[in-house]
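Any read-out appearing in this document is the output of simple, stated calculations on the displayed coordinates, not a laboratory observation. Every value quoted in this text rests on a predicted model; they were computed, and no experiment measured them. Positions of Cβ are backbone-derived with ideal geometry, glycine not excepted, and every protein chain shown enters the neighbour counts.
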Amino acid sequence: MFQALIFDMDDLMVGSERLYLEVEKEMARSFGKEFKMEAWEKMMGRKPIEGLQIFVEELGLPISAEQALAIRNIRMREKYRNEAEALPGLFHILETFYGKLRLAVCTGAQQEFLEIVVDRLGIRDKFELLQSSDEIQKGKPDPEIYQVCCRKLGFEPDECIVLEDSSNGARAAKRAGCYTIAVPSEYSKHQDFSFVDFLAADLIQAENHILALLRPG
């Protein structure tokens, strides 16, 4: 039944939400503001420009979302290049399903950062598709990005399994019609995942669940 396995990137493949939080707190302090977790959670999983629009509005900053994004991009570029590390279980789950399922990445991050991550980790050749938000009109939790990803892979959404760490991302996958597994991070574990098909403690448990799904009978 299942033909493809689709990975979110930030805090699913690499521990990057901490890096974003560090940068955004620094940005807020530079304007004499305090960046609160409530605002940050609203931003999680969304297209970069949508997230920075929330950032600017919540903090009442005297700059545009585009200006804020440009500032963040400069700082995050270096963070991704020098500090992004694979989360436990990533390499194992890739080895397990490489050649068995078609693998893809589907992230709300921009293509530049996606390319940096797969090259830094040396896993580019594992994926058939690297789907960023660059060409997407509506970010997660809108299902558009997963609809596009499934279409490019050549499968119906119900033939695709998605791994997501945030409620926004999981909602996007579920609304697209994909089998959705949530693997919450320390930053998203208190979010609502009541609607997902399976809630995993980590990538190892997610891998075991997928193996069970693929088992005949």
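Shape of the stretch 17-83 from its Cα gyration tensor (a ≥ b ≥ c, root eigenvalues): rounded if a/c is under 1.5, otherwise prolate when a/b > b/c, or oblate?
rounded
Cα centroids of the stretch 1-52 and the stretch 110-182: how far apart, whole angstrom?
Here the two parts' Cα centres lie 16 Å apart.
Taking 0.36 nm per intervening residue step and subtracting the Cα-Cα distance, what contour gain separates residue 138 from residue 209 on full extension?
22.5 nm
In whole Hz, with x marking every Gly and Pro, tabulate ³J(HN,Hα) for the stretch 79-93 from phi via Karplus 6.51 cos²θ - 1.76 cosθ + 1.60, θ = phi - 60°.
Ordered by residue, 3J(HN,Hα) equals 4, 4, 5, 10, 10, 5, 10, 5, 7, x, x, 4, 4, 5, 5 Hz.
Quick check: residue separation of residue 34 and residue 158 times 0.36 nm, minus the Cα distance between them. What number comes out in nm?
Stretched out fully, the residue 34 to residue 158 stretch lengthens by 40.4 nm.
If each residue's Cβ is checked for other Cβ atoms within 10 Å, how do 209, 190 rank with the fewest at the top?
Lowest count first: 190, 209.
How much length would be gained if the chain were fully extended between residue 85 and residue 151, taking 0.36 nm per residue of separation minus their Cα-Cα distance, in nm to one decimal?
20.8 nm
So, R0 is 25 Å and r is the distance between the beta-carbons of residue 111 and residue 26; what FRET efficiency does that work out to, to 0.05?
0.55
Quick one: 3J(HN,Hα) in Hz for the stretch 145-151, Karplus 6.51/-1.76/1.60 with θ = phi - 60°, rounded, Gly and Pro as x.
5, 6, 4, 5, 4, 4, 4
Give a residue-ordered list of calculated ³J(HN,Hα) values for the stretch 154-160 (Karplus: 6.51 cos²θ - 1.76 cosθ + 1.60, θ = phi - 60°; whole Hz; x for Gly, Pro).
x, 10, 6, x, 6, 9, 10
Straight-line reach from residue 174: which lysines fall under 29 Å, measuring Cα to Cα and dropping same-chain residues less than 8 apart?
Within the straight-line limit of under 29 Å, residue 174 reaches these lysines: 36, 42, 47, 100, 126, 138, 140, 152, 189.
Let me have the relative contact order for the chain, percent, based on Cα pairs under 8 Å that are six or more residues apart.
Normalised by residue count, the contact order of the chain is 24 percent.
Which value at 222 nm does the chain reach when only helices count, each DSSP H run of 4 or more adding -39,500 (n - 2.57), with the total divided by all residues and rounded to the nearest 500 deg cm²/dmol?
That calculation yields -14500 deg cm²/dmol at 222 nm.
What is the packing order of peptides 87-99, 176-188, 134-146, 26-38, taking the mean over residues of other C-beta atoms within 10 Å and listing the highest first?
Highest to lowest by the protection proxy: 176-188, 134-146, 87-99, 26-38.
In percent, how large is the relative contact order of the stretch 108-172, given Cα pairs closer than 8 Å and 6 or more residues apart?
31
Cα gyration tensor of the chain, axes a ≥ b ≥ c as square roots of the eigenvalues: rounded (a/c below 1.5), prolate (a/b > b/c) or oblate?
The shape class here is prolate.
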